[in-house]
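Here's the structure we're looking at; comments come further down.
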Amino acid sequence: MNPDYVAAQTARRDDALERGLCFSFRGVLNHLMALERGMIQQDQHQSERLEMLKVKALTLRAKRDQLKRQTDAIKILKDKISKDLPLQDDDDDADGLIEMQQSLLTAWKMQLKDLQRAHHLIGGYDLVECKEGKSVCVSFHTAFEGVYLDTYNMELDLTRTVQISRHNIPPSLPLESFAKQNLQKDLKAFLQTLSQNLNALAGRRQQVSLVKELVGSVEVMESNQLCNILVLMCTEQGETPKAVLCTLEYGDLTQCLPTRVSIESEDKTISESPQWKKNQSLLLESPAHTALLTMRRMGSIA
């Protein structure tokens with residue numbers, strides 16, 4: 001083989017190898033520079049994010065402190081209102097407390113407006129704002145078996161806390177107890193409870209009237225103002241008419257039906273007879289006048 005040819009080939013190979021090493025070194029150098037630039041950018045991004053988080057933390061801290069001050073002010077206001085103390089003890093705090101009082105008044109009004117809208121869906125009472133928003137009048141409508149009965153009214157004073165200023169609610173209902181339970185903390189629950197009790201009372205009263213009107217042979221022996229006890233004297237049909245005393249007890253004052261019915265007679269076998277067991281179930285499951293009319297149709301009573 002020609003020595004000159006071998007030398008030329010060797011020289012070309014060495015030159016190519018040198019150029020390859022040079023390109024490889026430049027590639028590694030470029031890659032390292034790119035990594036360095038990426039790390040610098042990442043550090044800058046992290047630094048900016050850290051600053052943003054610091055600012056957000058300061059903002060949240062300021063909001064927390066503001067809410068704490070407002071909460072303390074509301075507690076002071078509620079304490080003064082509950083103790084019926086004047087609000088202008090300190091000129092520096094007077095404006096804030098009065099503003100808080102107005103906020104509470106606004107909240108009560110908003111709750112009442114929500115209840116007023118809800119009335120159109122659930123019925124039972126109407127709400128009308130009066131005295132330039134300083135009070136609200138509530139009308140409770142009662143009905144039984146599709147017949148409208150009595151309407152009761154109540155005015156709520158909103159100037160400080162929610163207070164009952166006047167009403168014509170029957171004194172037999174424990175209005176003061178209802179108010180103590182829910183008037184301040186849950187106005188909706190208070191109004192619903194009162195509405196349910198008024199409607200049930202009107203229903204029980206109506207049943208007593210219908211018994212007297214429709215079932216003349218049955219005598220109403222006892223019925224109190226709350227109508228939670230009703231004693232009826234019936235006459236059993238037969239060869240020898242016998243008096244039967246039916247006592248209806250209404251343990252749930254939100255309902256028109258009794259929770260307990262007892263049957264008594266001088267003839268001790270009557271209360272245990274199948275017919276009067278059925279009559280007892282009728283009195284438990286149906287309004288009093290309806291049950292008595294059914295008993296008369298079946299021939300149980302005169």
Original post:
Out of all the residues in the stretch 160-207, which are aliphatic (A, V, I, L, M) and closer than 30 Å to VAL220 by Cβ?
Top reply: ILE169, LEU173, LEU175, LEU194, LEU198, ALA200, LEU201, ALA202
**OP:** Considering each residue of the stretch 127-147, count those that are over 14 Å from LEU187 (Cβ atoms), in contact with a helix residue (DSSP H, G or I) (Cβ under 7 Å, 6 or more places away or on another chain) and modelled with pLDDT under 80, and give that number.
**Re:** 1
**OP:** Please state which one of VAL211, VAL231, VAL220 is touching a Leu at 6+ places or on another chain (Cβ under 8 Å), closer than 30 Å to THR294 by Cβ and in a helix (DSSP H, G or I).
**Re:** VAL211
Original post:
Residue check: is LYS54 surrounded by 10 or more Cβ atoms within 10 Å (Cβ to Cβ), assigned to a helix (DSSP H, G or I) and at pLDDT 75 or above?
Top reply: yes
Subject >> Enumeration of residues in the stretch 137-187 that are open to solvent by 60 Å² or more (accessible area, probe 1.4 Å), in contact (Cβ under 8 Å) with a residue 24 or more places away in the chain and closer than 25 Å to TYR250 by Cα >> reply: GLU145, VAL147, ASP150, PRO171
**OP:** Any residue in the stretch 239-253 that's without any contact (Cβ under 8 Å) to a residue 40 or more places away in the chain and of a type in the set (Gly, Ala, Ser): show its pairings with residues that are part of a loop (DSSP other than H, G, I, E, B) and open to solvent by 60 Å² or more (accessible area, probe 1.4 Å) at Cβ separation under 9 Å, as long as the two are six or more apart or on different chains.
**Re:** ALA243/GLU266; GLY251/THR259
Original post:
LYS188 passes all but one of (1) over 17 Å from THR294 (Cα atoms); (2) assigned to a helix (DSSP H, G or I); (3) at pLDDT 90 or above; which number fails?
Top reply: (3)
**OP:** Output the residues belonging to the stretch 209-230 that are crowded, with 17+ Cβ neighbours inside 10 Å, among the hydrophobic types (A, V, I, L, M, F, W, C) and within 17 Å of LEU257 (Cα to Cα).
**Re:** LEU210, VAL211, LEU226, CYS227, LEU230
Original post:
Which residue out of THR294, THR240 is farther than 22 Å from GLU213 by Cβ, surrounded by fewer than 18 Cβ atoms within 10 Å (Cβ to Cβ) and hydroxyl-bearing (Ser, Thr, Tyr)?
Top reply: THR240
**OP:** Taking the options VAL218, VAL231, name whichever one is hydrophobic (A, V, I, L, M, F, W, C) and in contact (Cβ under 8 Å) with a residue 60 or more places away in the chain.
**Re:** VAL218
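The values are calculated or read from the model by the stated rules, or taken from the named source; none is laboratory data. Since this is a predicted model, take the numbers as computed values, not measurements. All Cβ positions, even for glycine, are placed from backbone atoms using ideal geometry, and neighbour counts span all protein chains on display. What goes into the accessible areas is simple: the full protein's heavy atoms, side chains included, and nothing from ligands, DNA or RNA. Shrake-Rupley method; radii C 1.70, N 1.55, O 1.52, S 1.80 Å.
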